[in-house]
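The values are calculated or read from the model by the stated rules, or taken from the named source; none is laboratory data. What you see is a predicted model; the values in this text were computed from it and never measured. Cβ coordinates were reconstructed from backbone atoms using ideal geometry, including for glycine residues, and neighbour counts include every protein chain displayed.
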Amino acid sequence: MRASGASILAATSVKTVLHLIGYAHICAAIVDVNLGGEDCSSVCAAVSRRSIPFMFYTGYSAAPSLTARAAAPAIAKPAASYTNVETVTRLVQPLVQA
């Protein structure tokens, strides 16, 4: 992702993610279903409230968060980094064109 020119904020807990969402300028998010042993539902809700497009990058094929946010792209781990870059690019494309 960095090689593609993106700045990256990383977090390993829901608490940290929610803190980052509260103060950082975020154009798109990559969310794992299981974040530090916690379900990502509150993260999905927070990015949705701020109209931040997001995708899932996860090892889970079925989870309540995936079902509840079926419109969000989901990439299965492991995947080539270009797959994530292409997906994030599609997510932010409407923002770039605006």
Query raised in the report: Looking at the range 88-97, is at least one residue part of a loop (DSSP other than H, G, I, E, B), at pLDDT below 90 and more than 15 Å from Ala29 (Cα to Cα)?
Result: no
Query raised in the report: Is the range 52-62 home to any residue that is at pLDDT below 90 and of a type in the set (A, V, I, L, M)?
Result: yes
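Does Ala45 meet the test of being part of a loop (DSSP other than H, G, I, E, B) and out of contact with any His (no Cβ under 7 Å at 6 or more places or on another chain)?
No: the conditions fail for Ala45.
Kindly indicate which of Leu9, Leu20 is loosely packed, with under 14 Cβ neighbours inside 10 Å, among the aliphatic types (A, V, I, L, M) and not in a strand (DSSP E or B).
Leu9
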**Report entry** Test result for Ser48, within 22 Å of Thr16 (Cβ to Cβ), of a type in the set (Ser, Thr, Tyr) and under 12 Å from the mean Cα position of the chain (by Cα)
**Finding:** yes
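Taking the range 34-69 as the region of interest, how many residues are among the β-branched types (Val, Ile, Thr) and in contact with a helix residue (DSSP H, G or I) (Cβ under 6 Å, 6 or more places away or on another chain)?
1
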Query - Odd one out for Val31 among (1) in contact with a helix residue (DSSP H, G or I) (Cβ under 8 Å, 6 or more places away or on another chain); (2) crowded, with 16+ Cβ neighbours inside 10 Å; (3) more than 20 Å from Val92 (Cβ to Cβ) - result: (3)
